[in-house]
Amino acid sequence: GESDAISHIKDIIEKVAQTEARVLITGPNGTGKELVAHWLHEKSQRAGAPMIEVNCAAIPSELIESELFGHVKGAFTSAVKDRAGKFEAADKGTLFLDEIGDMSLSAQAKVLRALQESKIARVGDEKEIKVDVRVVAATNKDLKREIAEGRFREDLYHRLAVILVKVPALNDRRDDIPLLVEYFALKIAEEQGNAQKRFTPDALTLLKEYDWTGNIRELRNVVERLIILGGSEISESDVKLFASK
């Protein structure tokens, strides 16, 4: 079976997905916050429209506004043509703002305005564009502390955190490991065009005992390594050989 923590998250998703409520997903790196966001989108009435992801930590602060809201030709040196941003791309769908705790304060102000008014303006343009977007955000930071230290807007936090979903570390939900192993084994088999490999009960028991500091991301890597290097059925000895820390 699955852990109580994941059962609780699934219950929340079932209740929230069909609404337009904004959701803030929190938890350490690699815990699968983006999986929760995808789940929400797939179960929502917006599932037929795109889900657009933006990793706020991966985009330089001077480019984040152009990335989110688009720009017009000549708005800055490298703006050689008009370009739509992620808010427009996600129209009628879901915009997933990953690592929103890393967003600059000026971009936060513009996101807040977009959420309040359902309108955006491209960088370098006065014209407002209506957008119909459900925003789901995620962070590995303690946003209450970020607010206290002046790095995150409290008004934006309250706009985003209508529903809070906390995703626990993998070490705190070891009962999920067999289900996750099966899920990843299926995904990897599909990607590689091979038959899905089975993991023996002893192999799963051993994997449940490991210290998963890298969370789900680390588990997926280990499952892939075992599938490539292990036998036709993944045994306890395969785990000892190829998955040891």
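The values are calculated or read from the model by the stated rules, or taken from the named source; none is laboratory data. Just so it is clear, the model here is predicted, and its values are computed rather than measured. Quick reminder, even Gly has a Cβ in these numbers, built from the backbone with ideal geometry, and neighbours come from all protein chains shown.
Among the numbered conditions (1) more than 17 Å from Glu34 (Cβ to Cβ); (2) part of a loop (DSSP other than H, G, I, E, B); (3) not acidic (Asp, Glu), the only one that Ser237 does not meet is (2).
Within the stretch 207-234, being more than 26 Å from Glu34 (Cβ to Cβ) and either under 28 Å from the mean Cα position of the chain (by Cα) or assigned by TED's automatic domain parsing to the domain that holds Glu34 (or both) holds for one residue alone: Glu209. Any idea which residue in the stretch 121-175 is modelled with the lowest pLDDT, counting only those that are among the small types (Gly, Ala, Ser) and within 17 Å of Gln108 (Cβ to Cβ)? The selected residue is Ala121. Look at the stretch 161-183: where a residue is more than 22 Å from Glu99 (Cβ to Cβ) and a partner is among the charged types (D, E, K, R), sitting 6+ places away or on another chain with Cβ atoms under 7 Å, you get Arg174/Lys208; Asp175/Glu2; Asp176/Glu2; Ile177/Lys208; Leu179/Glu2.
Being small (Gly, Ala, Ser), modelled with pLDDT of 95 or more and assigned by TED's automatic domain parsing to the domain that holds Gln18 holds for only one residue in Gly74, Gly85, Gly48, Gly70, and it is Gly48.
Restricting attention to the stretch 26-55, and to residues there that are within 29 Å of Arg145 (Cβ to Cβ) and of a type in the set (S, T, N, Q), which single residue is surrounded by the fewest Cβ atoms within 10 Å (Cβ to Cβ)? Once the filter is applied, the top-ranked residue is Asn29.
Test of understanding: among Glu128, Glu149, Glu117, Glu182, which residue is over 19 Å from the mean Cα position of the chain (by Cα) and not assigned by TED's automatic domain parsing to the domain that holds Ala49? Exactly one residue qualifies, and that residue is Glu182. Among the residues of the stretch 129-156, just one is free of Cβ contacts under 8 Å to residues at least 24 places away in the same chain and either crowded, with 16+ Cβ neighbours inside 10 Å or in contact with an Asp or Glu (Cβ under 8 Å, 6 or more places away or on another chain) (or both), namely Ile147. Are there any pairs, at least 6 apart or on different chains, whose C-beta atoms fall under 6 Å, with the first in the stretch 209-238 and hydroxyl-bearing (Ser, Thr, Tyr) and the second assigned to a helix (DSSP H, G or I), and if so, which? Sorted first by the residue in the stretch 209-238, then by its partner, the pairs are Ser235/Ala203. So, in the stretch 180-201, of the ones that are assigned to a helix (DSSP H, G or I) and loosely packed, with under 14 Cβ neighbours inside 10 Å, which residue ends up modelled with the lowest pLDDT? Looking at the filtered set, the residue picked out is Gln192. Residues in the stretch 47-99 that are part of a strand (DSSP E or B) and either in contact (Cβ under 8 Å) with a residue 40 or more places away in the chain or within 21 Å of Val165 (Cβ to Cβ) (or both): Met51, Ile52, Glu53, Val54, Asn55, His71, Thr94, Leu95, Phe96, Leu97, Asp98.
Of all residues in the stretch 11-30, those that are without any contact (Cβ under 8 Å) to a residue 24 or more places away in the chain, over 30 Å from Thr213 (Cβ atoms) and charged (D, E, K, R) total 1. Restricting attention to the stretch 97-113, the residues that are among the small types (Gly, Ala, Ser), surrounded by 17 or more Cβ atoms within 10 Å (Cβ to Cβ) and at pLDDT below 95 add up to 1.
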